[in-house]
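Enquirer: Have a look at the structure that comes next, please.
Please treat every number below as a calculation from the coordinates, not as lab data. In this text, all values refer to a predicted model and were calculated from it rather than measured experimentally. Every residue, glycine as well, gets a Cβ built from its backbone with ideal geometry; the counts of neighbours run over all protein chains shown.
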Amino acid sequence: MGNIGSRGINEMSQINLDNIKDLGYETKEAYRTLRTRVTLYDDIKAIAITSSKPKEGKTSIALSLAISM
């Protein structure tokens, strides 16, 4: 769907709304694009954010997507 870059938020203790709100323009636009694509489908009941390794930003992506919605 899109490429959302990492901002180096690697631990749960580092995730806060200040880090999420301080994203660059390109990253914010990527979240808006993802939000738009997700909302175009009426039958989506859940969204799974996965990765192959720990600390790849799953929580940050989930929070940013929730904020954008």
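Enquirer: By average Cβ neighbour count within 10 Å, what is the ranking of 56-65, 41-50 from highest down?
Expert: Taking the mean over residues of other Cβ atoms within 10 Å, the ranking is 56-65, 41-50.
Enquirer: For Asp42 and Met69, what is the calculated FRET efficiency with R₀ set at 22 Å and r taken between the beta-carbons, to the nearest 0.05?
Expert: 0.90
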